[in-house]
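The values are calculated or read from the model by the stated rules, or taken from the named source; none is laboratory data. Predicted, not measured: the structure shown is a model, and the values here were computed from it. Counting neighbours? That spans all protein chains shown, and the Cβs are built from the backbone with ideal geometry, glycine included. Areas reflect the complete protein model, heavy atoms only, side chains present, ligands, DNA and RNA absent. Shrake-Rupley method; radii C 1.70, N 1.55, O 1.52, S 1.80 Å.
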Amino acid sequence: MSEYNFNNSDKDGYVLEIKDLEVIYETDLETVHAVNNVSFSVRAGETFGLVGETGAGKTTTALSILRLLPDRTGKVTKGEIFFNGENLLELSDEVMRKEINGERVSMIFQDPMTSLNPIMNVGEQIYEALKYHNPEKKTKEELEKRVEETLELVGIPKKRKNEYPHQFSGGMKQRVIIAIALACKPELLIADEPTTALDVTIQAQVLAMMSELNEKLGTATILITHDLGVVANMCDDAAVMYAGELVELGTVEDIFESEDHHPYTVGLFGSIPNLDEERERLQPIEGLMPDPTALPFGCHFQDRCPYCFDRCINEHPQLLKLSDTHSIRCHLFSDKALEVNHD
Amino acid sequence: MLRYIGKRLLQMIPVLIGIAFIIFFIMDFTPGDPARLILGQSATAEAVEQLTEEMGLNDSFFTRFFRYIYNAVVNLDFGVSYRTMKPVFDDVFTRFPVSIYIALCGMIGSTLFGIPLGVLSAVKQYSKLDTAVNVVAMTMVAMPPFWVAMVLILVFSLYLGVLPSAGATTWIHYILPTITLTLANGSAVLRITRSSMLETIRMDYVRTAQAKGVPRRVIIFKHAFKNALLPVITTVGYIFGSLLGGAIICETVFAMPGLGSLIVLSIKMKDIPVVMASIILLALSYGVIMLIVDLMYAFIDPRIKAKYQRG
């Protein structure tokens, strides 16, 4: 067990603490190691960015929090997920459904085109979230009123509540999904690439709306994205994920302004166009992520890393603490480390 | 919506005329002389020739076909049966209700059997229950309906003596045919329900509903099943349509006077007017059933409804 208090020492301020989470997808043919020893914490009201390329295990981490991993294949093999001090992995399905999912923790999914039920009007889909989390026994009228409020909150006129998803544009659908997620005023919102499926102008609108709502409602947010620009604009803290592990963890300042970075993070920055610099081409990170069914023994990034040396192949790097807030999983920084977080 | 229905009904007219042409054409090729059939084997050649002339059977194919269509459309006169010498609809209309009952029984039985088991086996995919349901479905497909019908008669009519083996006069007469047709068609409903459910249950909106904390029962029925219904309705409509004229084995084994057995009898007798009238009636019914199926789509899926309303 390791200690993770990289942000501040006030443990009570954490809404969510994930400790040493390990998730596998198991079939008869193979075992995919999707999430390996992931630990991070989210404070109340903060926006936490989880960055990484496709297949890095970001969505799997998010689904484990809500316990929505695929029934037969997805399994949490190790770790704890504390939500306000309560280990979610130990709750019964019934308690999860009634008290956590949709009420205290909710999720915005990646693709607004398919995430809404096509044959149910949007008002009803928001109403559902309220109906099954109604401890105060509010009347139908009160709940309907809340549906209208929520729609207005995300900038959809309330008279459209009886319309069906196909009558909305992509950006509007995403607003509906956000409305569903916010209907019960959750303490934690997980946004899984909320803007990936949208075009750039709508992206900006949705993000602006999300950060506005974040401020208004004080909801903690985990923002999953592969867009570093989004992280810079929206997040307080961020973690970079690679092949199921966190390779760098810190405040947004650490990630964007610090001198020291994991080679993968450097590669990610090299892959974004920069208008201030004159450059012929973008520099993609060569190669592919390692096969998650057979992860290498040493550093998971060894095959693609330009600084790879013997130790990287022979020894799996630990998360090294460079400052109070900043940690990097790389042997290059072993002499700079304040302390080592052993997995 | 009304405009859409009207359009669909108008579209049926050319279809019906086309079907009439095909049947008329095929019947023209089948061997047999209607005049000889009417007059019997002992009639003289002159009498047969005279009757052939009187019935206009010596005219060319197209003359006869257009005369038939003209009489049918303008005078609503579909001719008289060569076999009974009575207007064709006397026979057709007494048998049509029996066919409708048979088809309804078969359809309802198959639906009540197939949908719940299909949903159950999809929800519990890979479980022992799922395997058991699949084995039952395969067994049902493998059993020929005529054999099932005879086994049922043997057990319930002969050995136990609790159910009648022949006729179609009371609802009790429909019990054994219903079982036969359910065993024959239920597995089709089951399999389409199962596969359609397996598809919708993996949809993103089902996960959204789970993330919302909607109870599992509600997710299965309100989210997954309702979306899975479209192909199921098509199958059920198809079963009803095909049983209307196609439950011949059932009609024959249980001696039920339905339309299917009338058609077979009339084809054998070269009773062209009865064949024509029966098949046109079946085609019309089929068209109406498919229209109802499409209207049910619109009832379930607002996207389809919007399309219909645009015209």
Go through (1) acidic (Asp, Glu); (2) open to solvent by 10 Å² or more (accessible area, probe 1.4 Å); (3) away from chain B (no Cβ under 12 Å) one by one and return the number of the condition residue A:46 breaks.
(2)
For region B:208-237: of the residues being open to solvent by 20 Å² or more (accessible area, probe 1.4 Å) and within 7 Å of chain A (Cβ to nearest Cβ), which is farthest from residue B:193 (Cα to Cα)?
B:210
Residues that are more than 11 Å from chain B (Cβ to nearest Cβ) and open to solvent by less than 10 Å² (accessible area, probe 1.4 Å), drawn from region A:172-188
A:174, A:178, A:179, A:182, A:188
Only listed residue being in a loop (DSSP other than H, G, I, E, B), touching a helix residue (DSSP H, G or I) at 6+ places or on another chain (Cβ under 8 Å), farther than 26 Å from residue B:225 by Cβ and at pLDDT below 90, chosen from A:45, A:55:
A:45
Scanning region B:274-285 residue by residue, those within 15 Å of residue B:29 (Cα to Cα) and either buried (at least 24 other Cβ atoms within 10 Å of the Cβ) or touching a Leu at 6+ places or on another chain (Cβ under 9 Å) (or both) turn out to be B:275
Please indicate, with yes or no, whether at least one residue in region B:167-183 is part of a helix (DSSP H, G or I) and under 27 Å from residue B:304 (Cβ atoms).
no
Out of all the residues in region A:183-224, which are at pLDDT 85 or above, over 26 Å from residue A:251 (Cβ atoms) and of a type in the set (A, V, I, L, M)?
A:183
Of these, B:266, B:242, B:261, which one is more than 14 Å from every other protein chain (Cβ to nearest Cβ), of a type outside the set (A, V, I, L, M, F, W, C), open to solvent by less than 10 Å² (accessible area, probe 1.4 Å) and part of a helix (DSSP H, G or I)?
B:266
Here, helices (runs of 4 or more DSSP H) confined to region B:1-92 with at least 2 residues that are touching a Ser or Thr at 6+ places or on another chain (Cβ under 9 Å) and open to solvent by less than 90 Å² (accessible area, probe 1.4 Å) are B:34-39
Just to be sure before I move on: is residue B:113 open to solvent by 60 Å² or more (accessible area, probe 1.4 Å), in a helix (DSSP H, G or I) and assigned by TED's automatic domain parsing to the domain that holds residue B:189 in the structure I sent?
no
Criterion first (more than 16 Å from residue B:214 (Cα to Cα) and within 8 Å of chain B (Cβ to nearest Cβ)) does residue A:165 satisfy it?
no
Please go through region A:300-319 and pick out each residue that is of a type outside the set (Val, Ile, Thr) and part of a helix (DSSP H, G or I).
A:302, A:303, A:304, A:310, A:311, A:312, A:314
Residue selected from region A:92-134 under the condition among the aliphatic types (A, V, I, L, M), outside any loop (DSSP other than H, G, I, E, B) and facing chain B (nearest Cβ under 7 Å), by the criterion nearest to residue A:225 (Cα to Cα):
A:107
Which one is farthest from the other protein chains (Cβ to nearest Cβ) among residues in region A:69-91 that are closer than 19 Å to residue A:133 by Cβ and outside any loop (DSSP other than H, G, I, E, B)?
A:86
Only helices (runs of 4 or more DSSP H) wholly contained in region A:228-299 count here; list those with 3 or more residues that are modelled with pLDDT under 85 and in contact with a Phe, Trp or Tyr (Cβ under 7 Å, 6 or more places away or on another chain).
none
Do we have any residue at all in region B:143-150 that's without any contact (Cβ under 8 Å) to a residue 60 or more places away in the chain, open to solvent by 20 Å² or more (accessible area, probe 1.4 Å) and of a type in the set (A, V, I, L, M, F, W, C)?
yes
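Yes/no per residue for (1) out of contact with any Phe, Trp or Tyr (no Cβ under 9 Å at 6 or more places or on another chain); (2) not small (Gly, Ala, Ser):
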position	(1), (2)
A:170	yes, no
A:183	no, no
A:187	no, yes
A:194	no, yes
A:204	yes, no
A:214	yes, yes
A:218	yes, no
A:226	yes, yes
Given the condition outside any helix (DSSP H, G or I) and either open to solvent by less than 50 Å² (accessible area, probe 1.4 Å) or among the basic types (Lys, Arg) (or both), answer yes or no: does some residue in region B:125-142 qualify?
yes
Filter pass, residue B:196 being crowded, with 24+ Cβ neighbours inside 10 Å, among the polar types (S, T, N, Q) and touching a Gly at 6+ places or on another chain (Cβ under 9 Å):
no
Only one of A:72, A:146, A:97, A:67 is out of contact with any helix residue (DSSP H, G or I) (no Cβ under 7 Å at 6 or more places or on another chain) and under 21 Å from residue A:188 (Cα atoms). Can you tell me which?
A:97
Those residues that are β-branched (Val, Ile, Thr) and either in contact with an Asp or Glu (Cβ under 8 Å, 6 or more places away or on another chain) or open to solvent by 20 Å² or more (accessible area, probe 1.4 Å) (or both), I need them from region B:156-181; list them, please.
B:162, B:169, B:170, B:172, B:175, B:178, B:179
Might you check whether a residue that is acidic (Asp, Glu), in contact (Cβ under 8 Å) with a residue 40 or more places away in the chain and over 24 Å from residue B:241 (Cα atoms) occurs anywhere in region B:64-87?
no
